[in-house]
Amino acid sequence: MYDVTIIGCGVIGASIAYTLSQYKLNVLVLERENDVATGTTKANSAIVHAGYDPEPGTLMAKLNVRGCAMMEDLTRRLSVEYKRVGSLVLAFDEADRATLQHIYENGIANGVPGLEMISAEKAREMEPALADTVVAALWAPSAGIVDPWGLCIAEAEVAVRNGVTLKLRSGVSAIRDLGEHYEIETASGTYESRYIVNCAGLWCEDICNMTGGAPFTTTPSRGEYYLLDKSSGNTVSRVIFQCPSKVGKGVLVAPTVHGNLIVGPNAEDIADPFDVSCTAPGLAEVATAARKSVPNVNLRDSIRNFAGVRANTNMSDFMIEPSKTSPRMLQVCGIKSPGLASSPAIAEYAAEQLEAMMGVKFEKNENFVDGRTQVRFRKMSPAEKAELVAKNPLYGRVICRCETITEGEIVDAIHSPIPPCSIDGIKRRAGAGMGRCQGGFCGPRVLEILSRELGLDRKDILQDKDGTIIITGETKTGGAKA
Amino acid sequence: MSYDVIVIGGGPAGLAAAVAAWDDGCRSICIVERDRELGGILNQCIHNGFGLHHFKEELTGPEYAERFVDLLKQTGVDVKIDAMVLTITPEKEVHIVSKAGGYEILQAKSVVLAMGCRERTRGAIAIPGARCAGIYTAGAAQRYLNIEGYMVGKRVVILGSGDIGLIMARRMTLEGAKVLACVEVLPYSGGLTRNIVQCLNDFDIPLYLSHTITDIQGKGRVERVVVSAVDEKRNPIPGTEMEFDCDTVLLSVGLIPENELSRSAGIEIDPRTQGPVVDEDFMTSIPGVFACGNVVHVHDLVDFVTAESQRAGKAAAAYCRSGSPTSETVLSMKNGDGVGYTVPQHIRLDDVEGSVPVFFRVRAISHDKKIVVRDDEGQIIASFPREHLAPGEMENIKLPRVLLERAHGGLTVSVE
């Protein structure tokens, strides 16, 4: 019997698991896919919003500003890449200027630190690549950029290391409320739990429907992106937004913590929450909008297009409260942007809600070990590199040449608390395949290392989710006989 | 540790450069190769057709590589394999890391860049569609088949008609896969004519020119692609869609010289070739740093890589003996009508012995034309008739010193 079962291990589920692992609780995390961080968490703008967008007084406003303030310390503890680069919202005409004024006032009311309305000249001085057509800008120094899947994986790893049980490939098919506890039927078996946290992202509504019905409706909204080579990574050094509209925060141009440039997203309502296809019109829309902010953005430097799906609902605010139909289930629903930025604060707030629901004050887990370290060879000085390789020669073999990722880092990732089974799982943990050749050179070698370390046949190593088969058989003379 | 010449890369370019430097009398040479064997991409090119120019016989890729590895064994060139160069400083310090040797800093008098090229990816050309598995660059698929011994699919559509894609069409077919189509956005193929004939026509694989993939569908793995005809501006024409049920897409959509090390060392890069700007001896903008092979410009034939690399290796050895060339007259080379780029980009006239080979690609297919070299005053310096010109086949001309001496200012190469 678990005390709490968290459904979904995106950045919200992982944050909550990480927070709850600091207490004496028996916690289970159920994830449908073969890895954590595979939904909205892995495909988004990777921005830690400052908190000027949400309307004052909302939960969203409070948790965004608080989450943004928590991010620097959290990411340092967990060895997750993060940079407080600040953001600019651009105005191109008088209507935009009025919007800027509105979000500036929002930001002040929300307690966003350091907000400043600046002139177009000042904005171009800060960011010379900005368009001549910019008439004013809002400067928010507290905004940042983060590795979103890295944050989710780190939080989940620390949770698991501190005793949280994570079950992958465990999509929930039914929930039975037996009064004192729930029976949760999943693809990997049935689990019993006193409380449930529903943070299934795009599938929150489905979970609600297993427990008496959903108080909201979900409209998946897809956003497409370009990711540009590191040679374009310095095009801008801050997050460049346009004025927000009803459909979202608009197309941004921003550096990533990995040194690339991210351009996107558009916003398109779609029927299938799994549909992460890119489209020619969608990419064209992104390109046109991006050039409005940064006319010389060099999309020929693109190394990858991708799309993410937002868990938009008909609620304007986050919903973090006990279910009306099943009161031992905590709803953490409608977590759209700025969900990533808010995630640490959402977890803190969710824990408080759970305490209220249970009518207890959680007892600290005195065995809790916080923090995580990760070797990042490419970030070391020559002397540090020399020392590391002398200690463990595996760090001397570079497998991913674009990103300078060593075999040692890949082996570390494979033997981490949540072992990946796919090439993309390695990419999200170690960074191999993130670069300009997109795994063309290192893919076969990562596959070989995964197969060796996990003791699996090479044919069983996946690209990403279940079903993403890489090798379909042997050649006529074939197959590397290990 | 220090060497006279350090060669970065042990593929065909690096091997030829190292052997040539040795043959020129240099006795302190090191090749640094990141893979576990010398030979570079030739090792996975198990088809024949290599060496017709250089060896006057037809070899497979591994055989061609072996010839040079054998020559290398007769020299005293040091080889570091499974070793990655992390940085080259403008002072010619080469930082390398390997499992066997740890972190090493080698000092060179001269460096030869021979890192080769990489394939353009799906992201580089923004192919729409699902993010499913089963999409490989042709070279990555070639490695899986020919080095690892694994098949990557059963029903294949190939996008792009570059040589590796064409070779893989035949290879996948021979291994029992069904290659449904080769789709090329341009109105002509980017590959060699002999590969179109031997790899597509001989196996009845249709080549759709002026077509492109407009959608890739599939959940886990590719299930279907949509191919459409394109207009002159390469925009898809609605109503021309064809669907192919397939589980694999191979991309053969171009190669890019791999110059991240060159850039970080501060070497001037030519935006046309995406390789270093070089002189007739393949010296880059940093004196004593040379570049050769696909890192300079993408070749179709390894034989030309060899010839160019021998020249670079010999020049690197000469540099170690006598330092920078001192030519007072430098002729800049420009690409005129119908020509995409030239290599070299400039010629140090006083250092030219005999003649200078000039390599370039034309921009379009044409027949019965002349390649004309003019100086800055419009005077024709040389003219070479050609029956057939195609962007897929690299052109070369030889400019003798006696003709170069007549030039005023720079030289422009055009198709007329």
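Tabulated data
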quantity	calculated
Residue tally, condition crowded, with 17+ Cβ neighbours inside 10 Å and either assigned to a helix (DSSP H, G or I) or aromatic (Phe, Trp, Tyr) (or both), over the stretch A:55-96	19
Listing of strands (runs of 3 or more DSSP E) fully contained in the stretch B:1-105 that carry 1 or more residues being over 23 Å from A:PRO393 (Cα atoms) and open to solvent by 30 Å² or more (accessible area, probe 1.4 Å)	B:2-8, B:48-50
Sole residue being hydroxyl-bearing (Ser, Thr, Tyr), over 22 Å from B:LEU399 (Cβ atoms) and part of a loop (DSSP other than H, G, I, E, B), chosen from B:SER324, B:SER262	B:SER324
Subset of the stretch A:74-110 (residues that are closer than 30 Å to A:ILE153 by Cβ and either at pLDDT below 95 or not aliphatic (A, V, I, L, M) (or both))	A:THR75, A:ARG76, A:ARG77, A:SER79, A:GLU81, A:TYR82, A:LYS83, A:ARG84, A:GLY86, A:SER87, A:ASN110
Unmet requirement for A:ASP457, which otherwise passes all of (1) more than 7 Å from chain B (Cβ to nearest Cβ); (2) touching a residue at least 24 places away in the same chain (Cβ under 8 Å)	(2)
Failed condition for B:GLY176, given (1) within 11 Å of another protein chain (Cβ to nearest Cβ); (2) in contact with a Leu (Cβ under 9 Å, 6 or more places away or on another chain); (3) not basic (Lys, Arg)	(2)
Residue within the stretch A:305-313 that is within 12 Å of another protein chain (Cβ to nearest Cβ), among the aromatic types (Phe, Trp, Tyr) and open to solvent by less than 30 Å² (accessible area, probe 1.4 Å) present	no
B:ASN335 being under 29 Å from B:ILE167 (Cα atoms) and open to solvent by 30 Å² or more (accessible area, probe 1.4 Å)	no
Residue match in the stretch A:424-435 (condition: in contact with a Leu (Cβ under 8 Å, 6 or more places away or on another chain), at the interface with chain B (Cβ under 8 Å from one of its Cβ atoms) and open to solvent by less than 60 Å² (accessible area, probe 1.4 Å))	no
Residue within the stretch A:29-43 that is more than 28 Å from A:VAL239 (Cβ to Cβ), surrounded by fewer than 24 Cβ atoms within 10 Å (Cβ to Cβ), in contact with a Phe, Trp or Tyr (Cβ under 9 Å, 6 or more places away or on another chain) and not basic (Lys, Arg) present	no
Number of positions in the stretch B:108-119 that are more than 7 Å from every other protein chain (Cβ to nearest Cβ), closer than 24 Å to B:ASP35 by Cβ and either among the polar types (S, T, N, Q) or touching a Cys at 6+ places or on another chain (Cβ under 9 Å) (or both)	5
Test result for A:ALA17, touching a helix residue (DSSP H, G or I) at 6+ places or on another chain (Cβ under 6 Å) and closer than 23 Å to A:PHE368 by Cα	yes
Candidates A:SER326, A:SER316, filtered to the one that is more than 30 Å from A:LYS361 (Cβ to Cβ) and not in a strand (DSSP E or B)	A:SER316
When residues of the stretch B:69-99 are limited to those that are at the interface with chain A (Cβ under 10 Å from one of its Cβ atoms) and of a type in the set (Gly, Ala, Ser), the one farthest from A:GLU387 (Cα to Cα)	B:ALA83
Leading residue by the ranking (nearest to A:CYS68 (Cα to Cα)) among those in the stretch A:338-357 that are in contact with a strand residue (DSSP E or B) (Cβ under 7 Å, 6 or more places away or on another chain) and either at pLDDT below 95 or surrounded by fewer than 20 Cβ atoms within 10 Å (Cβ to Cβ) (or both)	A:GLN353
Hey, A:VAL29 assigned by TED's automatic domain parsing to the domain that holds A:GLY179 and part of a loop (DSSP other than H, G, I, E, B) or not	no
Candidate set from the stretch A:106-135 (those that are open to solvent by 10 Å² or more (accessible area, probe 1.4 Å) and among the small types (Gly, Ala, Ser)); member that is farthest from the chain's Cα centre (by Cα)	A:SER119
Subset tally (residues that are more than 17 Å from A:GLU448 (Cβ to Cβ), in contact with a helix residue (DSSP H, G or I) (Cβ under 8 Å, 6 or more places away or on another chain) and among the acidic types (Asp, Glu)) for the stretch A:375-409	1
Sole residue being β-branched (Val, Ile, Thr) and open to solvent by less than 20 Å² (accessible area, probe 1.4 Å), chosen from A:VAL375, A:VAL369, A:VAL360, A:VAL389	A:VAL389
Top-ranked residue of the stretch A:319-333 - restricted to ones that are open to solvent by 10 Å² or more (accessible area, probe 1.4 Å) and of a type outside the set (S, T, N, Q), ranked as nearest to A:VAL253 (Cα to Cα)	A:MET319
Residue ID - nearest to the chain's Cα centre (by Cα), chosen from residues in the stretch B:128-159 that are in a loop (DSSP other than H, G, I, E, B), touching a residue at least 60 places away in the same chain (Cβ under 8 Å) and facing chain A (nearest Cβ under 7 Å)	B:VAL152
Which numbered condition B:ILE125 misses (of (1) at the interface with chain A (Cβ under 7 Å from one of its Cβ atoms); (2) at pLDDT below 95; (3) surrounded by fewer than 20 Cβ atoms within 10 Å (Cβ to Cβ))	(1)
Hits in the stretch B:171-190 (condition: open to solvent by 10 Å² or more (accessible area, probe 1.4 Å) and either closer than 26 Å to B:GLU395 by Cβ or among the hydroxyl-bearing types (Ser, Thr, Tyr) (or both))	B:THR173, B:GLU184, B:VAL185, B:LEU186, B:PRO187, B:TYR188, B:SER189, B:GLY190
Within the stretch A:136-146, tally of residues that are surrounded by 24 or more Cβ atoms within 10 Å (Cβ to Cβ) and assigned to a loop (DSSP other than H, G, I, E, B)	1
Residue match in the stretch B:221-229 (condition: over 27 Å from the mean Cα position of the chain (by Cα), open to solvent by less than 30 Å² (accessible area, probe 1.4 Å) and among the hydroxyl-bearing types (Ser, Thr, Tyr))	yes
Residue within the stretch B:228-247 that is within 24 Å of B:VAL298 (Cα to Cα) and part of a strand (DSSP E or B) present	no
Subset tally (residues that are over 19 Å from B:GLY239 (Cα atoms) and either part of a helix (DSSP H, G or I) or open to solvent by 60 Å² or more (accessible area, probe 1.4 Å) (or both)) for the stretch B:199-215	6
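The values are calculated or read from the model by the stated rules, or taken from the named source; none is laboratory data. Small disclaimer: the values here were computed from a predicted structure and weren't measured. Counting neighbours? That spans all protein chains shown, and the Cβs are built from the backbone with ideal geometry, glycine included. Protein only, heavy atoms only, side chains kept; ligands, DNA and RNA dropped before computing areas. Shrake-Rupley method; radii C 1.70, N 1.55, O 1.52, S 1.80 Å.
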